[in-house]
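Shown next, in structure tokens, is the structure this report addresses.
The values are calculated or read from the model by the stated rules, or taken from the named source; none is laboratory data. As the structure is a computational prediction, the values presented were derived from the model and not from experiment. Here the Cβ positions follow ideal geometry from the backbone for every residue, glycine too, while neighbour counts run over all protein chains shown. For the accessible areas, the whole protein counts, side chains as well, though only heavy atoms, and no ligand, DNA or RNA atoms are used. Shrake-Rupley method; radii C 1.70, N 1.55, O 1.52, S 1.80 Å.
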Amino acid sequence: AQIEGEPGVTVSSYALPTVHLLLPNARRPLPDNRTFRRAVMYGLDRESILRNELLGGSMPSGCRTISAPCPVSADEEDFWSYGYDRDIRPLAYEPALALTLNRVARTEVTEIAAQRSEEDVSSQLEQPIVIGHENNWLHAKAAQAIVDALNRLEIAAVRREVASSDDLAECDFFYAELLLREPVVDLPLLLNTPHLPEAGHVSLALDELAKATNWRDATDRLHEVHAMVHAEQTVLPLWQITHRFAYHNRLAGVAGRPITLYQNIRNWKV
């Protein structure tokens with residue numbers, strides 16, 4: 001936005017938005033609990049965080065909150081968003097409900113541990129929730145906004161910089177930014193990430209997706225996956241962002257809306 005009016009400079013958008021998620025670590029008691037994952041989602045004013053913390057008070061085209069871990073376009077004719085069911089709305093910001101669900105979740109975790117004769121989890125429940133993120137200024141800013149929102153609800157949380165999602169074991173949740181070019185391929189890969197919570201309904205929906213023989217079947221079954229992930233909060237979809245890039249007008253041959261900046265670099269000429 002700062003250079004959009006500069007003479008001799010063109011600002012353009014990428015063809016696909018990136019999808020931003022929280023990946024829960026099911027090896028820790030609270031992220032493994034569906035009720036707690038829903039408490040986190042209801043406790044985040046995601047639209048406000050996206051607009052005011054990350055986008056400088058505006059909401060450019062292609063940026064919005066989401067209810068699935070795959071991108072969606074404002075134009076229903078855009079093929080790449082076929083995996084997103086537009087009828088499933090993102091969870092609303094309801095802090096009172098988040099407080100209630102947090103209390104219920106902690107009771108559930110304690111009772112389940114007692115039933116299984118597992119070690120006392122009370123000490124783990126007293127520890128702050130760790131939101132991990134990579135060394136990226138946008139990820140750090142988003143993770144801090146999430147931590148601040150949880151702390152306001154008296155859900156103690158801290159953020160921690162880690163090398164990558166491979167270090168998910170060090171966190172309760174990992175902030176991930178993903179480019180899903182092909183939902184029918186990329187979504188199963190995402191949902192089979194190690195350490196994510198197990199959900200039978202999601203696994204069955206993914207099995208049915210693998211049997212799809214045409215695009216109509218694939219779309220219907222991706223919508224079923226969307227519904228199951230939304231119900232279970234297997235991953236926590238936050239928002240999508242369409243990033244932009246700028247180049248000097250002396251540079252010719254740059255694609256109008258590329259997926260990646262250098263995809264047709266052989267055509268570039270000064």
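Residue check: Y93 meets all listed conditions (1) aromatic (F, W, Y); (2) crowded, with 21+ Cβ neighbours inside 10 Å; (3) modelled with pLDDT of 95 or more but one, namely (2). With respect to the conditions (1) touching a strand residue (DSSP E or B) at 6+ places or on another chain (Cβ under 6 Å); (2) in a loop (DSSP other than H, G, I, E, B), G5 falls short on a single one, namely (1). In region 119-128, of all residues being surrounded by 11 or more Cβ atoms within 10 Å (Cβ to Cβ) and not polar (S, T, N, Q), the one that is farthest from A157 (Cα to Cα) corresponds to V121. Checked against (1) open to solvent by less than 10 Å² (accessible area, probe 1.4 Å); (2) in contact with a Ser or Thr (Cβ under 7 Å, 6 or more places away or on another chain); (3) of a type in the set (A, V, I, L, M), L178 passes all but condition (1). Of all the listed residues (G57, G83, G43), the sole one being touching a helix residue (DSSP H, G or I) at 6+ places or on another chain (Cβ under 7 Å), open to solvent by 30 Å² or more (accessible area, probe 1.4 Å) and small (G, A, S) is G57.
Only one of the numbered conditions (1) at pLDDT 95 or above; (2) part of a loop (DSSP other than H, G, I, E, B); (3) open to solvent by 30 Å² or more (accessible area, probe 1.4 Å) is not met by V104, and that is (2).
Within region 239-267, the set of residues being surrounded by fewer than 17 Cβ atoms within 10 Å (Cβ to Cβ) and β-branched (V, I, T) comprises I259, T260, I265. Number of residues in region 38-63 that are charged (D, E, K, R) and closer than 16 Å to V147 by Cβ: the value is 3. Say whether the condition of being in contact with a strand residue (DSSP E or B) (Cβ under 7 Å, 6 or more places away or on another chain), without any contact (Cβ under 8 Å) to a residue 40 or more places away in the chain and of a type in the set (V, I, T) is met by at least one residue in region 132-147. Yes, that holds for at least one residue. Among (1) among the small types (G, A, S); (2) modelled with pLDDT of 95 or more; (3) surrounded by fewer than 18 Cβ atoms within 10 Å (Cβ to Cβ); (4) assigned to a loop (DSSP other than H, G, I, E, B), where does S48 come up short? Evaluating S48 over (1) among the small types (G, A, S); (2) modelled with pLDDT of 95 or more; (3) surrounded by fewer than 18 Cβ atoms within 10 Å (Cβ to Cβ); (4) assigned to a loop (DSSP other than H, G, I, E, B) leaves (4) as the failure.
Picking from residues in region 145-198 that are outside any loop (DSSP other than H, G, I, E, B) and among the basic types (K, R), the one that is nearest to M41 (Cα to Cα) is R152.
Count of region 194-238 residues, restricted to those that are exposed (fewer than 15 other Cβ atoms within 10 Å of the Cβ) and under 17 Å from the mean Cα position of the chain (by Cα), is 2. Of P60, P90, all but one fail to be in contact (Cβ under 8 Å) with a residue 40 or more places away in the chain and farther than 20 Å from L153 by Cβ; the exception is P60.
Inspection of region 109-116 finds a residue satisfying the criterion of being within 19 Å of I155 (Cα to Cα), open to solvent by less than 60 Å² (accessible area, probe 1.4 Å), aliphatic (A, V, I, L, M) and touching a residue at least 12 places away in the same chain (Cβ under 8 Å). Looking across region 257-270, not a single residue is at pLDDT below 90 and closer than 16 Å to G8 by Cα.
For region 85-97, indicate whether the set of residues that are over 18 Å from P237 (Cα atoms) and of a type in the set (V, I, T) is non-empty. Within region 85-97, none of the residues are over 18 Å from P237 (Cα atoms) and of a type in the set (V, I, T). Among all positions in region 219-227, there is no residue which is touching a residue at least 24 places away in the same chain (Cβ under 8 Å) and part of a loop (DSSP other than H, G, I, E, B).
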